[in-house]
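K.L.:
Pasting in a structure now, in structure tokens, and then I'll have a few things to ask.
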Amino acid sequence: MTTDERAYDRVRRGQWRSGIARAEGIDRRDLLRLLAAAGALTAVGGGAAHAAGAADDPDPAPGIVKPLPADQFTVRGTNAETRWSALRGTGYHTPAELFFVRNHTATPAIDADDWRLTLWGDGLRGDAEFGLDDLRALPATERSAFVECAGNGRSHYTTQQGETVSGTAWTLGAIGVARWRGVRLSEVLRRAGLRRDAVDVMPRGLDADFVSGGVNLGGIRRPLPLAKALDDVLLAYEMNGEPLPPDHGHPVRVLVPSWAGIASIKWVGDIEVSRQPLYSPWNTDLYRLFGPDFPPEGSEPLTRQTVKSAFELDAGASFAAHRTHRLTGRSWSGGGSVRRVEISTDGGAGWRRVRLLDAPREGGWVRWSAEWTPTEPGPAELLARATDSAGTTQPERSVFNEQGYLFGAVVRHPVTVTA
Ligand SMILES: Nc1nc2c(c(=O)[nH]1)N[C@H]1C(S)=C(S)[C@@H](COP(=O)(O)O)O[C@H]1N2
Ligand SMILES: [Mo]
């Protein structure tokens, strides 16, 4: 069995070129066109908006059910970004009401009593079906994990590096950490009759088809190598001790720890298990790196997220000079647990280590705090940089890619010091 997406993808790509692998619903020409159309993603509204948001929302996102108060969220098209200032004091786990929402189209209304999960494909001995009660009757597992969009931080390619990228212009709020409870995907696959020669597993959401640049890409779906599916992937039915809320995948979502958020398919309705490598637009033209530093067909499909840090502050926050302020923030990595965080309060000239408030945890984040007594009134920049257990430290620049994925450079956070 092949265990990592990088090595595996060469096999998959070769098979795809020679017509062995399947790319259901997309032909070669469409794949090429999709690449060109990727630039249109931000402009695409997608699916039908239904009654969403509270009546008093100043700017509700079409298709999101929960309220999106302006002091907690920034609405970006069909998506809602969590404001970092709203996370200050919220504890380790992000409350569901504050958790960012990334919807390709719109949150569907699904009745948990009618919901069924179908497992199918030639990687199984036969089809299998599970209802929510069936999943709840299986051994449950709980774990803390972040879900982070691969495009989190994307706007900094432009604001810090002067580069033009396509996609939702997130700052750093397309991440949240929750306590997820569910059943291991491995358990469900085993009960469904997994064949020894299965290689790929492709969950698909029950939300509307995604239409991009005039091309219907079908249901949101993305293959996972079987090795990852059998490792730490959950079919989650609870978030922070409550049934999953509508916007986060009710009644069941896939949870793929440490990987790009797109792997964690919400509102999962079926899972194909295959003896051949599988393709979807979400592992071919989307969620790979394209650009001068990458091969023409793009990098291997994205898996683990980068190292990042954020202050629990709005951009432009102000601080009184000659007073001592407590700066707080969080750092995280898809490549291991965060071991060290340093901050700079003088635009990057001097650095000091800050106190970590949580034990390092793989797939989660650490909170940190530091004191700061500014002296000079005027504009200032706060910087934070983390190092993870793999030894990776946030760099000064991120490598450009056209769709602006995996920003990981140190972010320069502008503030004002008042007299
Ligand atoms: N069915 C479905 N699953 C999906 C998506 C979607 O639009 N539809 N968006 C994906 C993306 S790109 C991300 S970043 C995460 C966001 O999860 P959240 O909305 O619960 O924060 O869900 C993923 N799963
Ligand atoms: Mo995402």
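The values are calculated or read from the model by the stated rules, or taken from the named source; none is laboratory data. The model shown is predicted, which means the values in this text are computed figures rather than measured ones. Glycine also receives a Cβ, built like all others from the backbone with ideal geometry; neighbour counts cover every protein chain displayed.
K.L.:
Which residues, taken from region 269-302, are among the charged types (D, E, K, R), in contact with a Pro (Cβ under 8 Å, 6 or more places away or on another chain) and part of a loop (DSSP other than H, G, I, E, B)?
P.N.:
Correct list: Arg288 only.
K.L.:
Which strands (runs of 3 or more DSSP E) does region 78-153 wholly contain that include 3 or more residues that are within 16 Å of Leu189 (Cβ to Cβ)?
P.N.:
Hits in region 78-153: 116-120, 128-131.
For every residue, the table says whether it meets (1) buried (at least 23 other Cβ atoms within 10 Å of the Cβ); (2) under 21 Å from Gly123 (Cα atoms).
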{"position": "Leu194", "(1), (2)": "no, yes"}
{"position": "Asp200", "(1), (2)": "yes, yes"}
{"position": "Asp207", "(1), (2)": "yes, no"}
{"position": "Val215", "(1), (2)": "no, no"}
{"position": "Pro223", "(1), (2)": "yes, yes"}
{"position": "Ala227", "(1), (2)": "no, yes"}
{"position": "Gly269", "(1), (2)": "no, yes"}
{"position": "Val273", "(1), (2)": "yes, yes"}
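K.L.:
Oh, and also: Taking region 162-217, which residues are within 16 Å of ligand 1 (Cβ to nearest atom), in a loop (DSSP other than H, G, I, E, B) and polar (S, T, N, Q)?
P.N.:
Ser166, Thr168, Thr171
K.L.:
Hey, any hits in region 170-185 for a residue that's surrounded by fewer than 21 Cβ atoms within 10 Å (Cβ to Cβ) and among the polar types (S, T, N, Q)?
P.N.:
Taking every residue of region 170-185 in turn, none turns out to be surrounded by fewer than 21 Cβ atoms within 10 Å (Cβ to Cβ) and among the polar types (S, T, N, Q).
K.L.:
Follow-up question, since we're still on this one. Using the structure shown, decide if Arg330 is away from ligand 2 (no atom under 16 Å from the Cβ), under 26 Å from Trp120 (Cα atoms) and in contact (Cβ under 8 Å) with a residue 60 or more places away in the chain.
P.N.:
no
K.L.:
Within region 303-328, how many residues are assigned to a loop (DSSP other than H, G, I, E, B) and either in contact with a strand residue (DSSP E or B) (Cβ under 7 Å, 6 or more places away or on another chain) or of a type in the set (Val, Ile, Thr) (or both)?
P.N.:
Adding up the residues that qualify gives 10.
K.L.:
Give me the pairs: first residue in region 142-159 and within 18 Å of Ser331 (Cα to Cα) and at pLDDT 95 or above, second residue charged (D, E, K, R) and within 12 Å of ligand 2 (Cβ to nearest atom), beta-carbon distance under 8 Å, and six or more apart or on different chains, which are they?
P.N.:
Qualifying pairs under 8 Å: Cys149/Arg102.
K.L.:
Which is out of contact with any His (no Cβ under 6 Å at 6 or more places or on another chain), farther than 23 Å from Glu402 by Cβ and not basic (Lys, Arg), of Leu224, Leu217, Leu289, Leu302?
P.N.:
On inspection, the qualifying residue turns out to be Leu224.
K.L.:
Considering every residue within region 363-374, establish whether at least one is in a strand (DSSP E or B), of a type in the set (Val, Ile, Thr), in contact (Cβ under 8 Å) with a residue 12 or more places away in the chain and within 19 Å of Glu312 (Cβ to Cβ).
P.N.:
yes
K.L.:
List every residue pair whose Cβ atoms sit under 9 Å apart, with the two residues 6 or more apart in sequence or on different chains, where the first one lies in region 230-250 and is outside any strand (DSSP E or B) and the second, anywhere, is at pLDDT below 95.
P.N.:
From residues that are outside any strand (DSSP E or B), the pairs are Leu230/Met1; Asp231/Thr3.
K.L.:
Among the residues that make up region 88-98, is at least one of them within 29 Å of Val211 (Cβ to Cβ) and either in contact with a Leu (Cβ under 7 Å, 6 or more places away or on another chain) or within 16 Å of ligand 2 (Cβ to nearest atom) (or both)?
P.N.:
no
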